[in-house]
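So the structure is just underneath, and the comments pick up after that.
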Amino acid sequence: MIELTAPLNEEKVRSLKVGDMVELSGIVYTGRDAVHKWLHEGNTPPMSFKDGVIYHCGPVVLKKGAKWVVTAAGPTTSIREEPYQAGIIERLGVRAVIGKGGMGEKTRQACQKFGCVYLHAIGGAAQVLAEAIKEVEDVFGYEQFGSPEAIWQLRVEKFPAVVTIDAHGNSLHKDMEAASSAKLAELYTQIKK
Amino acid sequence: MNSTQQKKLLEAFIEIIRKTSTELPKDVIESVRKGHGAEDKGSRGDYALGIIQKNIDLAKLKSQPLCQDTGSILFYIHYPKKLEHDAVAKVIRKAVVAATKKGYLRQNSVDSITGKNSGTNVGPGSPTLHLEPWSKDVFEVRLMLKGGGCENVGVQYSLPDGRIGAGRDLAGVKKCILDAVYQAQGKGCGPGILGVTIGGDRATGYLTSKEQFLRKLGDRNPDPVLAKLEDECLVEANQLGIGPMGFGGKTTLLGVKVGVLNRLPASFFVSVSYMCWAFRRQGATVTSKGEIKKWLY
Ligand code: SF4
């Protein structure tokens, strides 16, 4: 298990390899479709994403008294942000993206070029992940984007994930597809009529 | 239906929704546990399944949704025929609205044109009700919550399929099933369960593929040909090595369930539905007075 603390630095990020199991502590920012489109249009968030972590997540957040409390916060499918992600990594200096399902070629290349990793969270593990979120520190764009789409600044502790795209050009998704494709071809030849 | 009966029934349906959203059925829990045991200690598959098991326990303990995507709401119900169909449907819709307010269901139903969320989970097609009257004086209620991530990786083949070289025979069917698992990779939040229909038309094929999920994971298909197909597909799909979440490993699938329908001579469909590990399915017999008598899973 590798412990990570956000904000991250480039050296630490570049030391990670595909397949590493990590636990992340520190600050993460949620962002999904609306935010990615908005950032892609050249807008800049009030908080700095430099060396920061973006989490593809539309959390369920309730107000309890004066405090925000996260009740469910699993990852959402990342591939929808593929058209935007590479540009955002480059322009804002993002060091890690958390999500599920993996991302494509453009993001893989951006990770390699600018020193960023993709961390795959456990899809559906809403309760475990909600427990890892210790505090809602701030929110931006609540009115503009609506609650699930807003940028939530969250303090997490030991948030579990696996590195599936590293900063060396590797992608577990690509490898897995290639390996399972070869195995599938082998199984096909053994199917008897 | 008188008003006390309505009130009791409403409570029973809310309880069935709560239990479905927060507790996996025993057969699924057992299967996840077994899959976890099969992964090498310290591997990524072991890691993922460990977190999944923790999540299953935590959701039950906190009585909160297992996954934040509480999915399509699919009811399969037999009801006493002396009751009116519309009255029964009305109580169920009310229960869905109430369960959404209580947070057992996420606000999860949007207008397909405007994108507007109904906020209640009630709208055209939601919840989906399969309501059948019968002569018994009890309800038999089954409920499944099926998430979007896994629904998106479902696929339908029309045989012959030139891309994968699948002809109109059992060998072709098997190629479809294995291809569906390969295409899904980790995107359907595996380890998954497949519901498959051989035959039917496009609509009945998918419908029947989902009904396969009402079967318990450990059951045996009464048709020996299908039973064999299920066993073989499970073993071979797990050899693909995709593993939990697509991280690699031995447990790619927890089960394969196959049903068969007649087809037109001109068509040969193979319909595959994928269910994620968050396999939310519960059921109960409920008296006509609205008392839950027995849980089915
Ligand atoms: S596929 Fe299943 S486990 Fe994954 S996010 Fe959707 S409902 Fe949850």
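The values are calculated or read from the model by the stated rules, or taken from the named source; none is laboratory data. Computed from a predicted structure; not experimentally measured. Cβ atoms come from the backbone with ideal geometry, glycine included; neighbour counts cover every protein chain shown. The area values use the complete protein model at the heavy-atom level, side chains included, leaving out ligands, DNA and RNA. Shrake-Rupley method; radii C 1.70, N 1.55, O 1.52, S 1.80 Å.
Quick notes on this structure:
- Global geometry of the stretch A:80-125, whether rounded, prolate or oblate, following the gyration tensor of its Cα atoms and the 1.5 cut on a/c: prolate
- Close amide H pairs (under 5 Å, H built 1.01 Å from N) link A:Glu23 with A:Ile2, A:Glu3, A:Leu4, residues at least 5 positions away or on another chain.
- Under 18 Å from B:Lys81, Cα to Cα: aspartates and glutamates that are on another chain or at least 8 residues apart: B:Glu132, B:Asp137, B:Glu140, B:Glu291
- Equivalent ellipsoid dimensions for the stretch B:149-275 as semi-axes, Å, which come from the Cα gyration tensor, largest first: 21, 16, 14
- Global form of the stretch B:202-263, assessed from the alpha-carbon gyration tensor, a/c cut-off 1.5: prolate
- When B and A come together, around 3300 square angstrom of accessible surface is lost from both chains combined, probe 1.4 Å.
- Nonlocal amide H pairs with B:Gly71, under 5 Å, H built at 1.01 Å: B:Gly148
- Unsatisfied cross-links (Cα-Cα over 19 Å) in the set A:Lys100/A:Lys183; A:Lys106/A:Lys158; B:Lys26/B:Lys146: A:Lys100/A:Lys183; A:Lys106/A:Lys158
- Distant alpha-carbon pairs in the stretch A:69-173 (separation over 17 angstrom), percent: 56
- Helix A:82-92 and the long axis of chain A differ in direction by around 60°, with both axes built from C-alpha atoms.
- The amide H of B:Trp134, built 1.01 Å from its N in the peptide plane, has B:Tyr79, B:Lys81 as neighbours under 5 Å, considering only residues 5 or more places off or on other chains.
- Straight-distance candidates among the lysines for linking to A:Lys64, with alpha-carbon spacing under 21 Å and chain neighbours fewer than 8 residues away dropped: A:Lys134, B:Lys62, B:Lys101, B:Lys102.
- Using a Gaussian network model of chain A in which every pair of alpha carbons under 10 angstrom is joined by a spring, one finds that among A:Gly141, A:Gly93, A:Gly102 the greatest mean-square fluctuation is at A:Gly141.
- In the distance distribution for the stretch B:1-126, Cα-Cα pairs more than 18 Å apart total 62 percent.
- Positive-end residue, chain B charge dipole about Cα centroid, Cβ charges, pick of B:Ile16, B:Ser158, B:His130: B:Ile16
- Chain B: most fluctuating residue of B:Arg168, B:Arg106, B:Arg142 per GNM, C-alpha cutoff 10 Å: B:Arg168
- Spin-label model, B:Asn117 to B:Lys82: label points 7 Å out along the Cα-to-beta-carbon direction sit 4.3 nm apart.
- Normalised size of the stretch A:2-192, defined as Cα radius of gyration per 2.2 N^0.38 Å with N residues, equals 1.05.
- Measuring spread by the Cα atoms of the stretch A:1-84 yields a radius of gyration and Dmax of 14.7, 43 Å.
- By the equivalent-ellipsoid construction on the alpha carbon gyration tensor, chain B comes out with semi-axes of 32, 24, 18 Å, ordered largest to smallest.
- Inverting the pair-averaged 1/r between distinct Cα atoms of the protein assembly as shown gives 23.5 Å as its Kirkwood hydrodynamic radius.
- Solvent-accessible area per residue for chain B (1.4 angstrom probe, square angstrom): 42
- Shape call, the stretch B:89-234: gyration tensor on alpha carbons, a/c limit 1.5: prolate
- Accessible surface of the stretch A:17-123 [probe 1.4 Å, protein heavy atoms]: carbon and sulfur percent: 55
- Relative contact order of chain B, pairs being alpha-carbon contacts under 8 Å that are 6 or more residues apart, as %: 26
- Long hydrophobic helices in chain B: the complete DSSP H runs spanning 20 Å or more by Cα along their own axis with mean Kyte-Doolittle hydropathy of at least 0.5 are B:170-184.
- Folded to 0 to 90 degrees: helix A:105-114 orientation relative to chain A principal axis, Cα: 60
- DSSP-defined beta bridges in the stretch B:149-275 - what % are antiparallel, rounded to 5: 60
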